[in-house]
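The values are calculated or read from the model by the stated rules, or taken from the named source; none is laboratory data. Bear in mind the structure is a predicted one, so any value in this text is a computation, not a measurement. Cβ placement follows ideal geometry from the backbone for every residue including glycine, while neighbour counts extend to all protein chains displayed.
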Amino acid sequence: MEQLTGILVPITFFALIGIVVFFTLKYNYQIKKALIDKGGEIDLTKRKFPFLEIGLTLLGIGLGLAVSVIPKSSNLPEVSQNLLIGACILIFGGLGLVSAFIIRRRIEKQ
C-alpha cells in the first residue's frame, strides 16, 4: 500500500497543477474573447520588470528559511518549532510580495 501511495501522490500533485493551469488559461481566454466581442480593446503593453514579484517573493522565502533556523536552535517543543518555521517562510514571502507592490507602484508614478 505504501508503494501505491508513493506513486499516486506525485501523479496527483502534477495532475492538479495541470488542471489549475488549464482552467486559468481557459478563463483568461474566455474573458479576452468576451471583451473583444463587446467591442473592447485588450491592453497588450508589457509591464516593466516582469519578474519583480517572483524575485522578491523568492528572496523573502529564502530569508524566511534563513530566519527559521532560529526556532530550530531553541528549546521549544517540536510542534512549535515546525509552526514557527512555516510562519517565518509565509511572513517573509508575504513581505516580499508587499515590497514588490510598493516598488512597482513607485516605478509607475515616475
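Data for the structure
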| item | result |
| --- | --- |
| Test: residue in region 19-26 that is surrounded by fewer than 12 Cβ atoms within 10 Å (Cβ to Cβ) and either of a type in the set (D, E, K, R) or touching a Lys or Arg at 6+ places or on another chain (Cβ under 7 Å) (or both) | yes |
| Residue list for region 1-18, filter: exposed (fewer than 10 other Cβ atoms within 10 Å of the Cβ) and polar (S, T, N, Q) | Gln3, Thr5 |
| Positions within region 34-89 being under 18 Å from the mean Cα position of the chain (by Cα) and part of a loop (DSSP other than H, G, I, E, B), in sequence order | Phe49, Pro50, Phe51 |
| Boolean, Gly18 is without any contact (Cβ under 8 Å) to a residue 60 or more places away in the chain and part of a loop (DSSP other than H, G, I, E, B) | no |
| In region 46-86, the residues that are loosely packed, with under 14 Cβ neighbours inside 10 Å and over 24 Å from Val98 (Cβ atoms) | Lys72, Ser73, Ser74, Asn75, Leu76, Pro77, Glu78, Val79, Ser80 |
| Residue ID - modelled with the highest pLDDT, chosen from residues in region 27-41 that are surrounded by fewer than 10 Cβ atoms within 10 Å (Cβ to Cβ) and not basic (Lys, Arg) | Asp37 |
